[in-house]
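The structure appears right after this line, and notes come after that.
Rule-based calculations on the coordinates, nothing more; no lab input. Worth saying up front: this structure is predicted, and the values here are computed from it rather than measured. Glycine also receives a Cβ, built like all others from the backbone with ideal geometry; neighbour counts cover every protein chain displayed.
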Protein chains: 2
Amino acid sequence: MTMTPDTLTDRLERGDVMAAQCPSRALLRHVTSQWGVLVLTVLRRGTLRYSEIRHRIGGISEKMLAQTLRTLESDGFVSRTVHPVVPPHVDYRLTAAGQEVAGRIADLVDWIEGNLGLLLSSDTASLEG
Amino acid sequence: MTMTPDTLTDRLERGDVMAAQCPSRALLRHVTSQWGVLVLTVLRRGTLRYSEIRHRIGGISEKMLAQTLRTLESDGFVSRTVHPVVPPHVDYRLTAAGQEVAGRIADLVDWIEGNLGLLLSSDTASLEG
DNA sequence: CAGTATCCTAACTGATACTG
DNA sequence: CAGTATCAGTTAGGATACTG
């Protein structure tokens with residue numbers, strides 16, 4: 001097995017997330033952000049309005065939901081549709097790329113939820129937030 | 001299809017990550033933290049020493065690596081082995097639970113790395129960090 | 001080598017109040 | 001309804017120096 005003699009440029013072009021300046025780092029940070037994970041997860045079920053998302057994610061503030069949605073939208077994971085009615089009606093849904101990442105996030109979330117008991121019973125498990 | 005008439009207690013016991021106080025939230029935050037993701041990813045290849053991890057993850061500081069390793073260890077995702085020699089030699093490796101979550105994280109990371117071009121070419125993609 | 005201790009800044013976060 | 005604006009507190013994060 002031969003090792004690739006990796007230059008920094010090689011790594012950036014390849015999209016190597018281990019290179020500090022690689023754009024994939026930023027994308028990864030956005031989708032794995034505290035609220036990004038949960039927003040992507042709830043949107044898997046379909047199109048939702050701002051208030052519906054907020055209601056489904058316990059503890060998220062208006063500010064962070066708005067900010068997270070804007071980031072995910074600008075990254076191309078979420079699309080935003082404004083219905084020009086009064087009172088306002090805005091829908092959010094996953095793009096094709098969003099469905100891909102959200103599916104993978106959901107696999108992770110599901111495993112953790114499903115193995116919570118196992119994890120918490122471990123003698124080394126912490127309670128800290 | 002009938003809806004589950006969800007109490008908060010139900011959701012916590014089920015390990016529902018959408019409930020703000022659920023312990024799965026904290027675990028999820030730890031493994032999806034900026035450095036947690038990368039540490040879990042590099043450890044998939046096998047046992048590594050502190051300095052090896054630090055070298056492989058571009059841009060991580062000593063402080064954040066130490067902190068991230070301690071958190072992942074206390075959550076039961078990483079195990080730490082001290083070899084009582086001088087100079088010190090400490091090994092880190094994934095536990096069984098760690099391998100499960102790291103595998104799922106890797107699926108996400110791989111997809112993003114592999115589709116970077118697609119994501120960046122999107123007209124809505126941002127450059128921000 | 002593998003960290004810890006200290007200091008400092010910037011970013012994240014939430015509460016509240018307000019707007020179209 | 002769907003946000004934005006503002007403010008204040010907390011935490012994340014990095015640089016440097018130091019220890020066993």
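Laid out as a table, the results:
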quantity	calculated
Region B:16-119, relative contact order [Cα under 8 Å, separation at least 6], %	27
Förster-model FRET efficiency, 45 Å R0, B:Arg70 and A:Glu62, C-beta, rounded to 0.05	0.85
Residues listed by number, region B:90-115, amide nitrogen under 18 Å from B:Arg49 label point at 7 Å toward C-beta	B:90-94
Inter-centroid distance (Cα atoms) of region A:29-81 relative to region B:73-127, Å	24
When the convex hull of its Cα atoms is projected in every direction, mean area for region B:16-119 (nm²)	7.9
Backbone HN-Hα couplings from phi across region B:93-99 [Karplus 6.51/-1.76/1.60, Hz, Gly and Pro as x]	8, 6, 7, 4, 4, x, 5
